[in-house]
Amino acid sequence: MYLLSVLSIILCFGLLYLETSFGMYGFVDVMSIFFLVVLVFPIMFSAGLLGDLNNGIRLVLGKRKEAGMLELKRAKLAVGMMMKVSVYSSVFVTMIELVVVLHNMNDPAYLGPMISTALLTILYAVVISLLLLPIRAKLEQRILEYMPSETEAAEGEKEGIS
């Protein structure tokens, strides 16, 4: 099912490619990607959620199926945090880029391409969020359907008796 989400995003970009005159290279800006990476990963690392993000992606997309409730909740938190951090970071970078563009506006003919390049960072964050939405939804579904293992159930009963 996750593949369907990825294919729909690729289809949207393909349709835009057919509709626009500047091609797919108009959607690629290495510096915007670099700025996002420089902001997002250190924030996720400092929050201690980078490993949980990896676990969440592996739980949903990988072969690993068994997980405890705490691990599922931490993975859901990490995926949600990644979505928020990428969007907030992209807005931050876009605002800085727009200030630089407007400050150095010597030739108005370059204003359109420079602003569109500045907005690409937000586009990348939205694509990241769209890719993470099904993962977060699947984690929420697994939390709702969670059945404790026999050892967890025995520990719960033992704590309830004591």
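The values are calculated or read from the model by the stated rules, or taken from the named source; none is laboratory data. Quick caveat: nothing in here was measured; it's all calculated off a predicted structure. Neighbour counts are summed over all protein chains in view; Cβ atoms, including those assigned to glycine, are modelled from backbone coordinates with ideal geometry. We work out accessible area using only protein heavy atoms, side chains counted, and drop any ligands, DNA or RNA first. Shrake-Rupley method; radii C 1.70, N 1.55, O 1.52, S 1.80 Å.
When peptides 42-50, 125-133 are sorted by average Cβ neighbour count within 10 Å, with the highest value leading, the order is 125-133, 42-50. Of the solvent-accessible surface of region 29-116, computed with a 1.4 Å probe over protein heavy atoms with every protein chain present, carbon and sulfur atoms account for 72 percent.
For LYS138, the lysines whose Cα comes closer than 21 Å to its Cα, not counting residues fewer than 8 places off in the same chain, are LYS63, LYS65, LYS73, LYS76, LYS84.
When the square roots of the Cα gyration tensor eigenvalues are ordered a ≥ b ≥ c, the ratio a/c for region 1-149 is 1.5 or more and a/b does not exceed b/c, which makes its shape oblate.
The residues of region 49-93 expose, per residue, 54 Å² of accessible area to a 1.4 Å probe. About its Cα centre, region 43-103 has a charge dipole of approximately 360 debye under the convention of +1 per Lys or Arg Cβ and -1 per Asp or Glu Cβ, with nothing else charged.
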